[in-house]
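S.K.: Sending over a structure as structure tokens; questions will come in a sec.
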Amino acid sequence: MPPMNRRPLAAALLAAVLLVVTVFALVPVQSDMAELLPEGRTEAGRLMLRELRAGAATSLILAGIEGASETALAGISDRMAERLARDGRFVFVQNGRHVLDEAALAALFARRYLLSPAVDAAAFATPALRRDFTTLLDGLQSSAAPLVEQFGLPDPTGAFPALIAAWTGASRVRSAHGVWFAAAEAGKAPRALLLIRTQATGLDLGAQDAAIAAVREAFAQAAAGTQARLLLAGPAVFARDAAAAIRDDVRLISVASILLVGGLLVWRFRSPWVLAAIAVPVLLGVAAATAVTALGFGFVHGITLGFGMTMLGVTADYPVLLIGHRKLHEPAAGTLARIGPTFTLAVLTAAIGLSGMAFADVPGVSQLGVFAVTGLLAAAAATRWLLPRLIVAAALAPVAAGDPALLRRVERWRRFRPAGLAVPAAATGL
């Protein structure tokens, strides 16, 4: 019996880990989902995709502050707006204090007759002008005389107020203490409002994480010593929260799967080293897939890594197939001779099935296809030409699984397999 030597397997595992770490350190990984979207085949489609990528609506954040008096909320709103306005991650921060500056007002006022919905031929008829001048004289005799003198005398037809009213629309936002508040309702506490637009698009989840963290930090400093609460909404916030929920679910499922599969393999082969043998080709496949995808596309998207590594989970079957069919003390050549055709067929069918994704018109699907096919072929090559020497040196092979009578009792439960169809059938009915 040849001596057991696990050092080559340990060295191969360490080298694979170092290679993966090096690749991830050198390869740019992006989180902007706009990079995965197609260009669009029609003008309407291209317009929609441009808006998804860089439209103002996708990067808006609506912040609400509540839990204090109106005066305190107005102060918090002003301090938050002042701090965020100096942050380069935001291109627009507005709480109602200065909706339009003097330059913007002057530009709108100069073009009031072009933009106002109140301007038509009848607005300049004698009866309409007489009515407007009468209203103007009444305004000059009221407490609003300074405003009437500034805007009314140059605009007796009221084109500018009509323009502002049209742009304001039917908004229920009210102004108190110089800042925006939600509409007052009986029994509801006051809520100050801020409208924020981030520099990054709403689909850049990494940048949105940083922007939302900056908003929360600004609130924490502005509301120090109060009981105020911060509420956030908007497309960017919804996308970030959805991504976080998916990430948490995937992490939970991944950890549970690894523990269950790892426990089964250790029980079946009676050695934790089988996990190291499985990890070597899987890690090499991930490293090769990441490097090739980065060379082809210039970057690797986080979504590609997440779904791609899940798809590469099939590569863990390759070393299991090799180790599971090896007889104790059998040379690697004998095992490969038995499983070679089956192994080759499994690899080719999986690679051909995934290769169609690489030629898709959608960049995200194409990148995922390249990642999956490259990783699968690299893992298969490592299993075929590298792993045999390692498992022979480590003497990895199936051993007796325990009392065969117990296994026979477990096998009796197979007769109840048709009952398992009731669950998906009931789910389909729902």
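S.K.: Please go through segment 213-229 and give me each residue that is surrounded by 15 or more Cβ atoms within 10 Å (Cβ to Cβ) and either of a type in the set (Gly, Ala, Ser) or modelled with pLDDT of 90 or more (or both), ordered by number.
M.R.: Answer for segment 213-229, where residues must be surrounded by 15 or more Cβ atoms within 10 Å (Cβ to Cβ) and either of a type in the set (Gly, Ala, Ser) or modelled with pLDDT of 90 or more (or both): Ala214, Val215, Ala218, Phe219, Ala222, Ala223, Ala228.
S.K.: Would you confirm, using the coordinates I've provided, whether Thr290 is outside any helix (DSSP H, G or I) and not basic (Lys, Arg)?
M.R.: No.
S.K.: Sticking with this one: So which residues in segment 322-381 are touching a Ser or Thr at 6+ places or on another chain (Cβ under 9 Å), surrounded by fewer than 16 Cβ atoms within 10 Å (Cβ to Cβ) and aliphatic (A, V, I, L, M), if there are any at all?
M.R.: Matches in segment 322-381: Ala360 only.
S.K.: Find the residue count for segment 13-32, including only residues that are surrounded by 14 or more Cβ atoms within 10 Å (Cβ to Cβ), in a helix (DSSP H, G or I) and not aliphatic (A, V, I, L, M).
M.R.: 1
S.K.: Separate question: Please work out which one of (1) open to solvent by less than 60 Å² (accessible area, probe 1.4 Å); (2) modelled with pLDDT under 85; (3) out of contact with any Ser or Thr (no Cβ under 8 Å at 6 or more places or on another chain) is the condition Trp267 fails and give its number.
M.R.: The one condition Trp267 does not meet is (1).
S.K.: Test Val300 against the stated conditions and say whether it is under 19 Å from the mean Cα position of the chain (by Cα) and either open to solvent by less than 20 Å² (accessible area, probe 1.4 Å) or more than 27 Å from Phe343 (Cβ to Cβ) (or both).
M.R.: yes
S.K.: Checking Ala104 against (1) within 29 Å of Arg174 (Cβ to Cβ); (2) in contact (Cβ under 8 Å) with a residue 24 or more places away in the chain; (3) part of a helix (DSSP H, G or I): exactly one of these is not met. Which one?
M.R.: (2)
S.K.: Quick one: count up the residues across segment 230-250 that are within 29 Å of Ser69 (Cα to Cα) and open to solvent by less than 60 Å² (accessible area, probe 1.4 Å). Don't jump to the end; show me each part of the working.
M.R.: Here is the first cut: in segment 230-250, the ones within 29 Å of Ser69 (Cα to Cα) are 230-238.
From what is left, the residues that are open to solvent by less than 60 Å² (accessible area, probe 1.4 Å) are 230, 232-234, 236-237.
Within segment 230-250, residues that are within 29 Å of Ser69 (Cα to Cα) and open to solvent by less than 60 Å² (accessible area, probe 1.4 Å) number 6.
The values are calculated or read from the model by the stated rules, or taken from the named source; none is laboratory data. Nothing here was measured: the structure is a model prediction, and the numbers come from that model. Heads up, the Cβs are rebuilt from the backbone with ideal geometry, glycines too, and the neighbour counts pull from every protein chain shown. These area figures cover heavy atoms from the full protein model, side chains too; ligands, DNA and RNA do not enter into them. Shrake-Rupley method; radii C 1.70, N 1.55, O 1.52, S 1.80 Å.
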